[in-house]
1. Ignoring everything except DSSP H segments at least 4 long, calculate the 222 nm mean residue ellipticity for the chain; use -39,500 (n - 2.57) per segment, divide by total residues, nearest 500.
2. Report the convex hull volume per residue for segment 232-419, counting only C-alpha atoms, in Å³.
3. Once the principal axes of the Cα atoms of segment 166-205 are found, what is the range along each, listed largest first in whole angstroms?
4. Principal axes first, then extents: for the Cα atoms of segment 120-186, list largest minus smallest coordinate on each axis, whole Å, largest first.
5. So what's Rg/Rh here for the chain, counting alpha carbon atoms and using the Kirkwood radius for Rh?
6. On C-alpha positions alone, give me the angle between the axis of helix 61-72 and the longest principal axis of the chain, in degrees, nearest 10.
7. For segment 183-332, what is the largest minus smallest coordinate of the Cα atoms on each principal axis, given in angstrom and ordered from greatest to least?
8. Any chance you could list P(r) for segment 349-453, counting all Cα-Cα pairs in 10 angstrom bins from zero, rounded to whole %?
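Quick note: the coordinates plus some simple rules give every number you see, no bench work behind them. Everything numeric in this text was worked out from a predicted model, so none of it was measured.
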């Protein structure tokens, strides 16, 4: 049984039955029966369905946003923006899929030769709870446009969102079985990965989950894309616009209650500007208002689960016990919800969990460095490599720094974000493979050489 809990007040929303082996087999058999025809379906038909999916998302925006807010505590304004972004992603692939998937001529000794991009078959998508619609749509839109079918295993704490996504694609007109939500538990996932009717896997989740899924997919030699955790560096150089950086840092770190893989997490400050930055930053953080995520005046959401809040607090206590200082926050907030005070940990040092681990909640780690070179060394010293940003008034200096960051995305004077027009993914322990843009749609295609004598 899956149980949906409202993290803003701890109250149960609803129970959802978990599938048994027979129900799972029924779904896999249905998918296998429709996938070959879907793989060969006209691209124009697939594009038309994507446009209808975008229309459905916009039509049901408030309904889906409310569901997200209730199930995982997302601020209602952020939830509405997430649905709008999902619709834009569908629009992007509807507009560009034909060009992205077109054959590429190759000049060889053949009468004709080219590279063709053909669907792999069925894709299993294992998705997290923090962006319940966006994480799935950014994987599904390109995969479906390319002609793959898709099976969704969503996070256990957002079953309502998982079923709503299945209904979205049914309402948009996708053939029965092309997109299905599997209401299964984690112990059943390995069997689905290794099932011969499933041809590839994409996961967005923790490093631990990525290692497990990567190993299971590897054992049966199936293509796998892993988008894992991050501990993104937010580097403020001495010539930065302090007000701009502080405002952006507040948004990046505390939106979605800090529960984002690409949130700014390690604030690496050149000492000359540290005091000025922290003055602005602390004032903005202390002005955040926790409360009902359905209230438009609330600016800090609850964490999605109580156990996640407990883990975050342990990481904070470890840092404080080893010499860090809490400039603000540092404790759970009283009340029924899973709220954690917006926290700034100053003087974070090696040996602390906050230095080496991802803090998945509303806590900023402040690391002071003497100069730009040391800032780069600290930024690249993480085992993660998802994203990072640098703040400076000198754009050329910023670009040079960004190019040296060891990360899948590097932003200058802007917060790290995903965009359908740019590939998204990480290196090191942040995973491998790419979503979005041209790279994302080609990840789950057979890149086939065609040679005609």
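1. -13500 deg cm²/dmol
2. Working: hull volume 20.9 nm³, N = 188.
Hull volume over Cα atoms, normalised by residue count, gives 111 Å³.
3. Taking the Cα atoms of segment 166-205, the three principal extents are 30, 20, 17 Å.
4. 29, 23, 20
5. 0.99
6. 60 degrees
7. Taking the Cα atoms of segment 183-332, the three principal extents are 58, 36, 34 Å.
8. Percent of Cα pairs in each bin: 13, 36, 31, 12, 5, 2, 0.
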